[in-house]
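Throughout, read-outs are computed from the coordinates displayed, never taken from laboratory work. Just so we're clear, the structure is a prediction, and the values are computed from it rather than from any experiment. Heads up, the Cβs are rebuilt from the backbone with ideal geometry, glycines too, and the neighbour counts pull from every protein chain shown.
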Amino acid sequence: MRTLRPRKSGTVPLKNMKILGINGSQRKEGNSYLLLKSALEGARAEDERWIETEILQLRDFEIKPCEAHYSGLYEFKNWGCGKKPYRCILKDDFEKVFQKMIEADGIIIASPLYYPVPAKLVALMERLMAIVYFAKKADKNYVWPLTGKPFGAVATSYEDTTILVLKILKKFGFIARMYLVREAKNKVFSVDAKGGVEKNPESLEEAKRLGSIVARTLIKREERTKKKGDERHDKTR
């Protein structure tokens, strides 16, 4: 796995950056969790000084399906998540998860193949999509808090293809205006763990690679930001 070269001594530290892993599976320590755990290990391996990680188990949260509280039946009316402060009005744990996503610098979601993905993950994506779409429709100046965050997708299954799961996760990342991480030749990189980690053990290394790419994306961004700041500071001396 490619890693960043150590920085020279005396370099001003970068800020701490957090990568949030979301396990969409109802199984707490199944294949999705193991792959997600491996991805976050790969992220921390890039530079543990600045990269920290956290895993959320969606099964531990109450997340109700979207109830379409955003507009009128025959014409658009701003209410619910389509009205300031542009938050879901349902009372459950959705806001806790959303806030964790806002606070994170990068996000990786792992999901197994269900029909086609777990219900709680569907509910989370539906409600996030409602906010980003209707808030922007109501207010052109609205700033979506997940914009540009590096995003990685991991999909697993017992034996069937995970293409549909990855398609859904990537589409979600795109609509949520996050940045789908890429490897060489600007190709979006994701993990297809068909067969799970027992039948497909190399998928754990692929997951580590994904985490590494997410971390590198964050570190490079921060280095560019710091460099620009240093250049501006030099010009004002």
Kyte-Doolittle mean at least 1.0, axial Cα span of 15 Å or more - DSSP H helices of the chain: 163-175
Antiparallel bridge percentage (DSSP; both residues within the chain; nearest 5): 5
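Around Ile89, under 13 Å between beta carbons, what's the net of Lys plus Arg minus Asp minus Glu among the other residues?
Overall, the nearby charge balance is +3.
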Distance between region 22-65 and region 84-134 - C-alpha centres, whole angstrom: 15
Contour excess over end-to-end distance, with Cα ends at Arg87 and Tyr133 and 0.36 nm allotted per residue: 15.4 nm
Zone residues, region 163-190, relative to Tyr115, backbone N less than 20 Å from point 7 Å out along Cα-to-Cβ: 163-169
Karplus-derived 3J(HN,Hα), 6.51/-1.76/1.60, for each residue of region 194-199, Hz, glycine and proline x: 4, x, x, 6, 6, 7
Distance violations [Cα-Cα > 21 Å] among Lys96/Lys170; Lys28/Lys96; Lys100/Lys228: Lys96/Lys170; Lys100/Lys228
Residue (of Ile63, Gly148, Gly80) at the positive-pole extreme of the chain, dipole from beta-carbon charges: Gly148
For the chain, calculated [θ]222 nm from helices alone, where every DSSP H run of n ≥ 4 adds -39500 (n - 2.57): -14000 deg cm²/dmol
Extension reserve of the Ile102-Lys228 stretch, reckoned as 0.36 nm per residue once the Cα distance is removed: 42.9 nm
Residue with peak Gaussian network fluctuation, the chain [Cα springs, cutoff 10 Å], from Thr147, Thr225, Thr217: Thr225
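Thr161 to Gln26: extension gain in nm, 0.36 nm per residue of separation minus the Cα-Cα distance?
46.7 nm
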Cross-link table Lys15/Lys91; Lys91/Lys208; Lys15/Lys37; Lys187/Lys208, entries beyond 26 Å C-alpha to C-alpha: Lys15/Lys91; Lys91/Lys208
Residue with peak Gaussian network fluctuation, the chain [Cα springs, cutoff 10 Å], from Leu90, Leu121, Leu210: Leu90
Where N is the number of residues in region 119-237, Cα Rg divided by 2.2 N^0.38 Å: 1.34
Sites Ala184 and Ile55 - FRET efficiency at Förster radius 35 Å, r taken between beta-carbons, to 0.05: 0.80
For peptides 94-103, 164-173, sequence by mean Cβ density within 10 Å, most packed first: 164-173, 94-103
